[in-house]
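Engineer: Quick one: the structure is below, and I'll ask about it shortly.
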Ligand SMILES: Cc1cc2nc3c(=O)[nH]c(=O)nc-3n(C[C@H](O)[C@H](O)[C@H](O)COP(=O)(O)OP(=O)(O)OC[C@H]3O[C@@H](n4cnc5c(N)ncnc54)[C@H](O)[C@@H]3O)c2cc1C
């Protein structure tokens, strides 16, 4: 059912999903205002500078496989402003040996010395299967790999690629980059993205840092930062109301439509009047957390990246030495990322501001002069890192999205938790919400 075009839309949450939805709605002629709780737009995409340390609020790189997202980058004039990182790889350390893991697996993966002939033949057979899946899967939408939704990533990889590929490649990469344990998540992320990764060996970072993307999106929008929404209500008649704390004062705004683009696990608190079936869906949205320590160093460091298996370290999953940019006042840094288990330990024991105490022994083992060379540090706690697509979650996302898209309503939702745990997934979800509104409301 199409009704007359609304005049006002409030978008709650200025992460990539909210900003993309707002951009498309504004382009369609609606009057759109974004309310963002943080000091700048971007949410889990952005960078911060703190006492000479520079780090990301979330995403560190952009994958190349999403055609709609690449078109958005073109539209924003950002594609020519990208730094390409080719053949990204890390040295992975197990209890007895170490090996190289490719982050964008391709033909080169077959050259890995620790793979036997059987493994290699299995890889080739699976690669052919993946290519056939290209037309059926969308890397921006994990629910397009529904056959993989019901099974754990660990079981899926063991079955398709063998135990060695699971232990030496998939487990360390997923722990170190995504903070996911292969036995806890479904194979939907893997099965929907892998067919589109084959043959691509380059990832991208905006030349001026990840914050360039939300800044470019927000530039053409009406975005109010430090606007924390407290409540979204849909009275039986009249406009939707949004109560927010803006610059220390509580304000109630009204709008014809609201797009709620906050992290899915925060929705129930913001929208107390959700229908029971939507409330049940949101109760099942989960995120993992992450603890990182950034060490500011007095001396230049040699760039390197190391991953650690669970058997090698229970505390440290990723260790990176990052060169300083002394001209820009950015010091050399060590980046130490916690394992999923240590992150839970920190959260459950109130140690989220003392992450260094947990990580320091492992970091000192890798950089023995840490006490001498480290002049400052920052404990970064990310309470909601990535939505967890646990087995069966994709099916509930589909049902929720079908409901949202079936009939016109005044409140719509978007975010990576409704698509794929990636920047490209968040953008796709924002695009989808705007398309749905266009269909429902003109
Ligand atoms: C450490 C880390 C590493 C990652 N690495 C990568 C990577 O390398 N590549 C990749 O593609 N993806 C990566 N991701 C995932 C990617 O960052 C996310 O999938 C994506 O940014 C999510 O966007 P979103 O808009 O759905 O959510 P968010 O960015 O979380 O946006 C939600 C917004 O809502 C705001 N908000 C919340 N509550 C309120 C409220 N009450 N009132 C107003 N505003 C509110 C928040 O401040 C936030 O800005 C990473 C994420 C993290 C955390």
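Engineer: Which of the residues belonging to the stretch 8-24 are surrounded by 24 or more Cβ atoms within 10 Å (Cβ to Cβ) and more than 9 Å from residue 217 (Cβ to Cβ)? Walk me through it before giving the result.
Structural biologist: If we filter the stretch 8-24 for residues that are surrounded by 24 or more Cβ atoms within 10 Å (Cβ to Cβ), which is where we start, we get 9-23.
Within the stretch 8-24, 9, 10, 11, 12, 13, 15, 17, 18, 21 meet the criteria.
Engineer: Quick check, is residue 202 closer than 26 Å to residue 388 by Cα, buried (at least 18 other Cβ atoms within 10 Å of the Cβ) and at pLDDT 90 or above? Can you show your working first?
Structural biologist: On the way: closer than 26 Å to residue 388 by Cα: yes; buried (at least 18 other Cβ atoms within 10 Å of the Cβ): no; at pLDDT 90 or above: yes.
Spelling it out, it is not the case that residue 202 is closer than 26 Å to residue 388 by Cα, buried (at least 18 other Cβ atoms within 10 Å of the Cβ) and at pLDDT 90 or above.
Engineer: Would a scan of the stretch 180-196 turn up a residue that is surrounded by fewer than 19 Cβ atoms within 10 Å (Cβ to Cβ), at pLDDT 95 or above and more than 19 Å from residue 104 (Cβ to Cβ)? Steps first, answer last, please.
Structural biologist: We begin by selecting, within the stretch 180-196, every residue surrounded by fewer than 19 Cβ atoms within 10 Å (Cβ to Cβ); these are 183-184.
Adding the requirement that they be at pLDDT 95 or above leaves 183-184.
Narrowing further to those that are more than 19 Å from residue 104 (Cβ to Cβ): 183-184.
Looking for residues that are surrounded by fewer than 19 Cβ atoms within 10 Å (Cβ to Cβ), at pLDDT 95 or above and more than 19 Å from residue 104 (Cβ to Cβ), one finds at least one in the stretch 180-196, hence yes.
Engineer: Does the stretch 29-51 contain at least one residue that is touching a strand residue (DSSP E or B) at 6+ places or on another chain (Cβ under 9 Å), outside the structural domain of residue 303 (by TED's automatic domain parsing) and more than 25 Å from residue 224 (Cβ to Cβ)?
Structural biologist: There is at least one residue in the stretch 29-51 that is touching a strand residue (DSSP E or B) at 6+ places or on another chain (Cβ under 9 Å), outside the structural domain of residue 303 (by TED's automatic domain parsing) and more than 25 Å from residue 224 (Cβ to Cβ).
Engineer: Would you list the helices (runs of 4 or more DSSP H) that sit entirely within the stretch 326-423 and hold 1 or more residues that are farther than 30 Å from residue 196 by Cβ and outside the structural domain of residue 34 (by TED's automatic domain parsing)? Break it down into steps so the answer makes sense when it comes.
Structural biologist: Numbers: elements: 340-348, 355-366, 370-373, 393-406.
So the answer is 340-348, 355-366, 370-373.
Engineer: Please state which of the following conditions residue 169 fails to meet, knowing it meets all the rest: (1) crowded, with 19+ Cβ neighbours inside 10 Å; (2) at pLDDT 95 or above.
Structural biologist: (2)
Engineer: Can you tell me which condition residue 152 does not meet? The list is (1) within 16 Å of residue 65 (Cβ to Cβ); (2) away from the ligand (no atom under 16 Å from the Cβ), and all the others hold.
Structural biologist: So the condition that residue 152 fails would be (1).
Engineer: If you go through the stretch 142-201, how many residues are on the phi > 0 side of the Ramachandran plot and more than 20 Å from the chain's Cα centre (by Cα)?
Structural biologist: Within the stretch 142-201, residues that are on the phi > 0 side of the Ramachandran plot and more than 20 Å from the chain's Cα centre (by Cα) number 2.
Engineer: Of the numbered conditions (1) touching a residue at least 12 places away in the same chain (Cβ under 8 Å); (2) surrounded by fewer than 18 Cβ atoms within 10 Å (Cβ to Cβ), residue 401 fails exactly one; give the number of that condition.
Structural biologist: With respect to (1) touching a residue at least 12 places away in the same chain (Cβ under 8 Å); (2) surrounded by fewer than 18 Cβ atoms within 10 Å (Cβ to Cβ), residue 401 is out only on (2).
Engineer: Kindly indicate whether any position in the stretch 101-112 is away from the ligand (no atom under 15 Å from the Cβ), in contact with a helix residue (DSSP H, G or I) (Cβ under 9 Å, 6 or more places away or on another chain), in a strand (DSSP E or B) and not assigned by TED's automatic domain parsing to the domain that holds residue 433.
Structural biologist: Scanning the stretch 101-112 turns up at least one residue that is away from the ligand (no atom under 15 Å from the Cβ), in contact with a helix residue (DSSP H, G or I) (Cβ under 9 Å, 6 or more places away or on another chain), in a strand (DSSP E or B) and not assigned by TED's automatic domain parsing to the domain that holds residue 433.
The values are calculated or read from the model by the stated rules, or taken from the named source; none is laboratory data. Please read all numbers here as calculations on a predicted model, not as lab measurements. Cβ atoms come from the backbone with ideal geometry, glycine included; neighbour counts cover every protein chain shown.
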